[in-house]
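Here, each number is a calculation from the coordinates, and none is a lab measurement. This is a predicted model, so every value here is computed, not measured. Note that each Cβ is placed from the backbone with ideal geometry, even for glycine, and that neighbours are counted across all protein chains shown.
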Amino acid sequence: MHLIEIEGLSKHFGDIEAVRGISFTVDRGEVVGFLGPNGAGKSTTMKMLAGFLTPSAGRASICGHDVVEDGLAARRRLGYLPEGAPAYPDMTAASFLAFIAQIRGFRGAEARAAVDRAVDRVDLGSVLEQPIDTLSKGFKRRVGLAQALLHDPEVLILDEPTDGLDPNQKHQVRQLIGSMAATKAIIISTHILEEVDAVCTRAMVIANGRVLVDGTPAALEARSPYHHAVYVRAEGKLPASVQDELGALPGVKRVEAAGRADDQGVYVLPQNGADIGPLVRGLLAARGVGVAELRVERGRLDGVFRDITMAA
Amino acid sequence: MRTIGIIFRRELAAYFTTPVAYVFIVIFLLLAGSVTFYVGGFFERGQADLEPFFDFHPWLYLFLIPALSMRLWAEERRSGSVELLLTLPITVPEAVIGKFLAAWVFTGIALALTVPFWITVNYLGSPDNGVILASYLGSFLMAGAFLAIGGAVSALTRSQVIAFVVTAAICFLFIATGSPIVQGPLRAWLPAAITDGVSSLSVLDHFSSVIRGQVELRDLVFFGGLMALFLFANIELVELKKAD
Ligand SMILES: Nc1ncnc2c1ncn2[C@@H]1O[C@H](COP(=O)(O)OP(=O)(O)O)[C@@H](O)[C@H]1O
Ligand SMILES: [Mg+2]
């Protein structure tokens, strides 16, 4: 049994087809990143998994429990962070989490222990007695995460968990997700492409309610024209003749300038991701060009993302 | 049951973490007190009872109850917390009933704070305490019926203002169906069986009979039925509108 199973899941709002027949499964140890432009249907898919929206067609299950037929059991095994991390603004973080613990079936000392654990995980201790209303965006998001983690669920669905956080906070949240990855099935949604690289074991590009690509972040990067491209910055200026020779090497598609005023370097782009590093290095050495910097690129997700989603 | 209790406690506590509770209770006591002792001519009547106090309750509730019920679901939807609440392992009926009970108990607390009025009339004379007790029960039931109406309306909209106005309008209809304003035009057009039917839906009629000490089964069934009907509507409306 897969922890998350989705089959032909669809949702329309009147004429708007928000999700059009999505199918996939997620197992323990996987962190799936939903990538997609605004309005792609990421949140709608997550809301159906969380039992908030009823699918128009298809089915989904969490730990084997159908989200519609057996919704209560499915929701017990799920931790869900809705987009924007809504909470009850007048409550303090402590009383809010105590409420969640009770709803999750913890009592007395057990409930306090569960709250303490969640508070520790997201590092919330310093603001526990403040009304949620008065917290910064970062702390509000952590309250939402603590709420989702409180019962140590096997399945976590986090809708834009790092949206609006500063870089340090983003880093913390990613570390948190990474630390839980081994024991859970996790889905996060994001617009931030590095995030996929940083935490996800699997990237799913969604646009117009369909899954366009489903693979590892590395496979996604491999689709980039810059995958295995070699960046070269010479000491002084790279002679035009050498640049032409680089372009003529076997397996090289073209050479292009880095394109920034403060960057004299060039990119040597391979054909079909060929491994051209040694050839480039060899040619530069043979021509006696002093190399200030040389590195092999992994690929640019933003370009891949644009290509995939614009074509849809 | 346990879940209803947890939701009930959270909601009830929420009234007291904001000024809502205190404003409501103070206004309730001020209005009830001034009506009882001044407008109702408490001292001139030379009679120790609380009839003017209870007579005024339908009109007091007409705008105080919508003020209380308007936020029940409209605010959850506006702020998005409804998505959090309904993705927890609870059911919609549990959430609806828990919230309703909290609001109802809250009005019960406000009502209980008028007990000094009761003590005062006992100090000044010898009222029929059975009638007064029945009146408290009737008032509490009426508050429950109005809250159930308000809760259902609140599930229809994200706007608390709309929830307030629509609830007040519906409550007014339920108060006024027995009055000449409504009955006059109806009588001219409709057979007596129908106008009597409409009139039997009058909150005012049922409430009046209760506060005169005649608590009959049909009055209890009436208020209980209104609550059940609108709680059911509330559950259906939350299911239907939660994600809009
Ligand atoms: N409650 C709703 N009513 C009508 N349309 C909706 C509703 N929720 C989402 N949509 C529409 O469904 C599409 C997908 O939205 P969403 O899942 O929120 O996208 P994403 O999270 O990928 O940005 C959008 O076109 C959006 O306008
Ligand atoms: Mg979204």
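Using the Cα centre of the stretch B:2-243 as the reference point, and only Cβ charges (+1 on K/R, -1 on D/E), how large is the resulting charge dipole? Debye, rounded to the nearest 20. Can you show the working numbers first?
Working: 14 positive and 16 negative charges, 135 e Å.
Dipole magnitude for the stretch B:2-243 comes out near 640 debye.
Note down the magnitude of the dipole of the protein assembly as shown about its Cα centre, charges +1 on Lys and Arg C-beta and -1 on Asp and Glu C-beta and zero elsewhere, to the nearest 20 debye.
Working: 49 positive and 56 negative charges, 127 e Å.
Using Cβ point charges on Lys, Arg, Asp and Glu, the protein assembly as shown gives about 620 debye.
Hey, what did chain A get for relative contact order, percent, Cα under 8 Å, at least 6 apart? If you can, show how the numbers build up before the last one.
Numbers: 637 pairs, mean separation 61.8, N = 312.
With pairs under 8 Å counted, the relative contact order is 20 percent.
With just the Cα atoms defining each centre, how far is the stretch B:169-244 from the stretch A:233-292? Give it in Å.
85
Hey, can you rank B:140-146, A:164-170 by average C-beta count inside 10 Å, highest first?
Working: B:140-146: 24.9, A:164-170: 14.0.
Per-residue mean Cβ counts within 10 Å order the peptides as B:140-146, A:164-170.
What do you get for the angle between helix B:57-69 and the principal long axis of chain B? Use alpha-carbon atoms, 0 to 90 degrees, nearest ten.
10
Check which residues have an amide H placed less than 5 Å from A:Ile4's amide H, if you skip close sequence neighbours.
A:Val26, A:Cys63
Report for the stretch A:4-221 the percent antiparallel among DSSP-assigned beta bridges with both residues inside it, nearest 5.
The answer is about 55 percent antiparallel.
Taking Cα pairs under 8 Å and at least six residues apart, what relative contact order does the stretch B:96-244 come out at, in percent?
On the way: 126 pairs, mean separation 51.3, N = 149.
Averaging sequence separation for qualifying contacts and normalising by length gives 34 percent for the stretch B:96-244.
Can you give me the relative contact order of the stretch A:187-226 as a percent, contacts being Cα pairs under 8 Å and 6 or more apart?
The normalised contact order for the stretch A:187-226 reaches 29 percent.
Using the alpha-carbon atoms, what tilt in degrees (0 to 90, nearest 10) does helix A:137-149 show relative to the longest principal axis of chain A?
For helix A:137-149, the angle is close to 60 degrees.
Using the Karplus equation 6.51 cos²θ - 1.76 cosθ + 1.60 (θ = phi - 60°), what ³J(HN,Hα) coupling, rounded to whole Hz, does each residue of the stretch A:229-240 give in order, writing x for Gly and Pro?
5, 10, 8, 10, 10, 8, 6, x, 9, 6, x, 4
Hey, can you grab everything whose amide H is under 5 Å from the amide H of A:Arg254? Only 5+ residues off in sequence or another chain; H modelled, so Pro and N-termini drop out.
It is A:Leu269, by chain and number.
Please report the net charge: other residues with Cβ closer than 10 Å to the Cβ of A:Ala181, K and R +1, D and E -1. The partial results should precede the final answer.
On the way: positive: A:Arg28, A:Lys184; negative: A:Glu30.
Net local charge, A:Ala181 excluded: +1.
Return the loop-located GluC sites (Glu not before Pro) in the stretch A:58-132 (DSSP other than H, G, I, E, B) with at most 11 other Cβ atoms within 10 Å of their own Cβ; answer none if there are none.
Values: sites: A:Glu69, A:Glu83, A:Glu110, A:Glu129; in loops: A:Glu69, A:Glu83, A:Glu129.
The qualifying sites are A:Glu69, A:Glu129.
Fewest Cβ neighbours within 10 Å first, please rank B:Phe8, B:Phe54 accordingly.
Details: B:Phe8 20, B:Phe54 26.
Listed from fewest to most nearby Cβ atoms, that is B:Phe8, B:Phe54.
How many partner chain Cβ atoms sit within 10 Å of a residue's Cβ in peptide A:74-84, on average, as a whole number? Numbers along the way, then the final one.
Working: counts 1, 6, 2, 1, 3, 1, 4, 2, 6, 2, 3.
Taking the mean over all residues of the peptide, I get 3.
Show me, for the stretch B:176-186, the HN-Hα J-couplings you get by feeding each phi into the Karplus relation (A = 6.51, B = -1.76, C = 1.60, θ = phi - 60°), rounded to Hz, glycine and proline as x.
Going residue by residue, I get 8, 4, x, 7, x, 4, 8, 5, x, x, 5 Hz, with x marking Gly and Pro.
Leaving out same-chain residues fewer than 8 places away, which lysines sit with a Cα under 30 Å from that of A:Lys237?
Within the straight-line cut-off, A:Lys237 pairs with A:Lys253.
Among A:Met310, B:Leu190, B:Ile132, pick out the residue whose Cα is farthest towards the positive end of the charge dipole of the protein assembly as shown, where Lys and Arg carry +1 and Asp and Glu carry -1 on C-beta, about the Cα centre.
Farthest towards the positive end: A:Met310.
Which of B:Ala143, A:Ser23, B:Leu220 sits closest to the plus end of the dipole of the protein assembly as shown, meaning its Cα is farthest towards the positive end, when Lys and Arg get +1 and Asp and Glu get -1 on the C-beta?
A:Ser23
Calculate the dipole size of chain A relative to its Cα centre from +1 charges on Lys and Arg beta carbons and -1 charges on Asp and Glu beta carbons; express the result in debye to the nearest 20. Show your work: numbers first, answer last.
On the way: 35 positive and 39 negative charges, 33 e Å.
Taking the Cα centre of chain A as origin, the dipole is about 160 debye.
5 Å is the cut-off here: which amide hydrogens, built 1.01 Å from N in the peptide plane, fall below it relative to A:Leu135, excluding neighbours closer than 5 in sequence?
Residues meeting the criterion, in which the H sits 1.01 Å from N, do not exist here.
So what are the radius of gyration and Dmax for the Cα set of the stretch A:4-221, in Å?
16.8, 50
Which peptide among A:20-27, B:81-88 comes first, and what is the full order, when sorted by highest mean count of other Cβ atoms within 10 Å? Could you put the intermediate results ahead of the total?
Numbers: A:20-27: 17.1, B:81-88: 22.0.
Highest mean packing first, the order is B:81-88, A:20-27.
Is it possible to state the helix-based mean residue ellipticity at 222 nm for the protein assembly as shown, with each DSSP H run of 4+ residues giving -39500 (n - 2.57), the sum divided by total residues, to the nearest 500 deg cm²/dmol? What is it? Walk me through the numbers on the way to the answer.
Details: 25 runs with 299 residues, N = 556.
Value at 222 nm, helices only: -16500 deg cm²/dmol.
Please identify the GluC sites (Glu not before Pro) of the stretch A:228-312 that satisfy two criteria: DSSP loop assignment and at most 12 other Cβ atoms within 10 Å. Which are they?
Working: sites: A:Glu235, A:Glu245, A:Glu256, A:Glu293, A:Glu297; in loops: A:Glu235, A:Glu297.
Loop-located and lightly packed - A:Glu235.
Whole-Hz ³J(HN,Hα) for each residue in the stretch A:162-173, computed from phi via Karplus 6.51 cos²θ - 1.76 cosθ + 1.60 with θ = phi - 60°, x for glycine and proline: what do you get?
Working through the residues one at a time gives 10, 4, x, 8, 7, x, 5, 5, 4, 4, 4, 5 Hz.
Which of the lysines could be linked to B:Lys241 by a straight reach, that is with a Cα gap under 24 Å, when you skip same-chain ones fewer than 8 residues away?
A:Lys11, A:Lys42, A:Lys47, B:Lys99
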